[in-house]
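Asks: One structure coming up, written as structure tokens, with questions to follow.
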Amino acid sequence: MSEKPYVIDQMISAKSIAARIEDLSREIATEFSGTNKLIVVGLLRGSFVFIADLVRELDLPVEVDFLEASSYGDGMESSREVRILKDLRGAIEGRDVLVVEDIVDTGFTLSHVLNLLKSRNPAKLKSIALLDKPTRREVDIRADWTGFEIPDEFVVGYGIDYAQRNRNLGYIGKVRFTAD
């Protein structure tokens, strides 16, 4: 794949992300206050930075596991076909589970993952997404918590990539393609 030249315009600062995670972690701690252990399931790869910051803010006993689902490959458009590339290591039956997603776009990935995990009979299953693009939704689904609602822009940073680049940015930026 030949990458087009682009620049990145900051949309959401690192400071804004950190403040929002503090607020979200308090709400999540309240929701799961009676749990003996919350299993936090990060959807790889885009959620790894978000999940790390989120679990550090949670005042709960947590176990972290990961599931890798793909509907994008290296492209900018969803294929609408969700594949599980890496499944959970542990069982979630009878456990409290929080699914952590980087971005909800068409909704296919989150819907597929939540249905898969529901079939494993968790005690409670909730979801959180750092970013939500409701104008792109093709599946009727919404995360229980959302960090930021954004317009239909292609974004990178804070774990989110374009062709495996820019995950290391500390902020969320909009990709703007240039002529050359």
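Asks: When residue 97 is evaluated against the numbered criteria (1) out of contact with any Lys or Arg (no Cβ under 9 Å at 6 or more places or on another chain); (2) in contact (Cβ under 8 Å) with a residue 40 or more places away in the chain; (3) of a type in the set (A, V, I, L, M, F, W, C), which criterion, by number, is the only one it fails?
Replies: In the conditions (1) out of contact with any Lys or Arg (no Cβ under 9 Å at 6 or more places or on another chain); (2) in contact (Cβ under 8 Å) with a residue 40 or more places away in the chain; (3) of a type in the set (A, V, I, L, M, F, W, C), residue 97 misses (1) alone.
Asks: Filtering the stretch 29-64 down to residues that are over 12 Å from residue 147 (Cα atoms), part of a helix (DSSP H, G or I) and touching a residue at least 60 places away in the same chain (Cβ under 8 Å), which residue is farthest from the chain's Cα centre (by Cα)?
Replies: 31
Asks: Can you name the residue in the stretch 95-144 that is among the acidic types (Asp, Glu) and surrounded by fewer than 17 Cβ atoms within 10 Å (Cβ to Cβ) and, of all such residues, is nearest to residue 37 (Cα to Cα)? Quick ask: steps written out before the conclusion?
Replies: Within the stretch 95-144, the first condition is being among the acidic types (Asp, Glu), and the residues that meet it are 96, 101-102, 105, 132, 138, 140, 144.
Remaining after also requiring surrounded by fewer than 17 Cβ atoms within 10 Å (Cβ to Cβ): 138, 140, 144.
Values: 138: 33, 140: 30, 144: 19 Å.
Step by step, filter the stretch 95-144, then rank; the result is 144.
Asks: Just to be sure I understand, how many residues within the stretch 2-20 are over 15 Å from residue 175 (Cβ atoms) and out of contact with any helix residue (DSSP H, G or I) (no Cβ under 8 Å at 6 or more places or on another chain)?
Replies: Pass one, the stretch 2-20, residues over 15 Å from residue 175 (Cβ atoms): 2, 13-20.
Subset that is out of contact with any helix residue (DSSP H, G or I) (no Cβ under 8 Å at 6 or more places or on another chain): 2, 13-16, 19-20.
Final tally of qualifying residues: 7.
Asks: Quick one: residue 120 ticks every box in (1) assigned to a loop (DSSP other than H, G, I, E, B); (2) touching a residue at least 24 places away in the same chain (Cβ under 8 Å); (3) more than 29 Å from residue 89 (Cβ to Cβ) bar one, so which box is it?
Replies: Condition not satisfied by residue 120: (3).
Asks: Taking only the stretch 125-166 into account, find how many residues are in a loop (DSSP other than H, G, I, E, B), in contact with a helix residue (DSSP H, G or I) (Cβ under 7 Å, 6 or more places away or on another chain), under 20 Å from residue 18 (Cα atoms) and of a type outside the set (Phe, Trp, Tyr).
Replies: 2
Asks: Let me ask something else about it. Filter the stretch 1-45 for residues that are touching an Asp or Glu at 6+ places or on another chain (Cβ under 7 Å), charged (D, E, K, R) and farther than 22 Å from residue 67 by Cβ and give the result.
Replies: 22
Asks: I need a count of the residues in the stretch 100-117 that are in a loop (DSSP other than H, G, I, E, B) and either free of Cβ contacts under 8 Å to residues at least 24 places away in the same chain or among the small types (Gly, Ala, Ser) (or both). Let's see the steps before the verdict.
Replies: Filtering the stretch 100-117 for residues in a loop (DSSP other than H, G, I, E, B) gives 105-107.
This time we only want the ones that are either free of Cβ contacts under 8 Å to residues at least 24 places away in the same chain or among the small types (Gly, Ala, Ser) (or both), so: 107.
Of the residues in that region, 1 qualify.
Asks: Report, by residue number, each residue of the stretch 166-179 that is closer than 19 Å to residue 51 by Cα and surrounded by fewer than 18 Cβ atoms within 10 Å (Cβ to Cβ).
Replies: First, the residues of the stretch 166-179 that are closer than 19 Å to residue 51 by Cα: 166-173.
167, 168, 170, 171, listed by residue number.
Coordinate-derived values only; no laboratory data. As the structure is a prediction and not an experimental result, all values here were calculated from the model. Every residue, glycine among them, receives a Cβ derived from its backbone with ideal geometry; neighbour counts consider all protein chains shown.
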